[in-house]
Amino acid sequence: SLSRLPYVDESRIAVYGKAYGGFLTSLLLLSPVTLFRCGVAVAPVTDWRLYGSAFTERYFGFPPKEDRKYQISSLLHNITGTNHHKFLIIHGTADATVHFQHSAELVKILSMANVNYTLQIFPDEGHDLVSLRS
């Protein structure tokens with residue numbers, strides 16, 4: 001395990017991911033048991049119904065027929081309780097790959113569940129934050 005290495009401080013292990021990696025980062029941070037103390041999710045996919053149908057229907061099937069698959073794989077339907085980790089969510093409002101709605105829906109649910117998070121919004125930025133000001 002990573003935490004057994006002599007040069008790794010267990011209290012300072014973080015996780016980072018973008019898009020699907022942001023989905024995984026969020027999943028890890030919101031899990032009841034995790035060794036990560038903080039994480040950054042950039043443009044996280046939070047609900048596969050909101051993602052591109054060409055991709056999601058290939059793996060999950062047609063939404064009305066396969067609703068259960070979409071529901072159990074959604075972060076929005078699987079957040080329970082609070083966490084004490086530092087959770088940074090970053091998203092550009094002009095992201096055409098993972099629409100900003102993913103993060104907006106996520107923070108709405110996180111707030112209702114009393115989960116601590118920080119949201120950094122980059123107006124008019126796409127999936128890749130390329131502006132010098134970003």
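What's the center-to-center distance, using Cα atoms, between region 70-127 and region 25-51 in Å? A separation of 8 Å, based on Cα centres. Just to confirm the filter: which GluC sites (Glu not before Pro) across region 51-128 are DSSP coil and have at most 15 other Cβ within 10 angstrom of their Cβ? Here the sparse-neighbourhood loop sites are Glu66.
Simple spin-label estimate for Thr34 and Leu132 gives 3.6 nm between the two label positions (7 Å along the Cα-to-Cβ direction from each Cα).
Taking a ≥ b ≥ c as the square roots of the eigenvalues of the Cα gyration tensor, an a/c ratio of 1.5 or more together with a/b larger than b/c marks region 8-66 as prolate. Excluding same-chain neighbours fewer than eight residues apart, the lysines reachable from Lys108 by a Cα-Cα span under 19 Å are Lys86. Less than 5 angstrom separates the built amide H of Val42 from those of Gly17, Lys18, Ala19, Gly22, Ile90, all sequence-distant by 5 or more or on a different chain. Considering only trypsin sites (Lys or Arg not before Pro) in DSSP loops that have at most 15 other Cβ atoms within 10 Å, the longest stretch of the chain without any of them is 66-132.
Of the options (1) 77; (2) 29; (3) 33, only one is percent of Cα pairs over 24 Å apart as computed from these coordinates, and that is (3). Modelled this way, with points 7 Å down the Cα-to-C-beta line, the labels at Ala104 and Asn78 are 2.5 nm from one another. Between Leu2 and Asp124, full extension at 0.36 nm per residue minus the direct alpha carbon distance yields a gain of 40.1 nm.
Counted by neighbouring Cβ atoms within 10 Å, the residues His99, His91 run from fewest to most as His99, His91.
Laboratory data are not the source of any read-out in this text; all were calculated from the coordinates shown. Predicted model only: the values in this text are computed from it and were never measured. We place every Cβ from the backbone using ideal geometry, glycine too, and count neighbours over all the protein chains shown.
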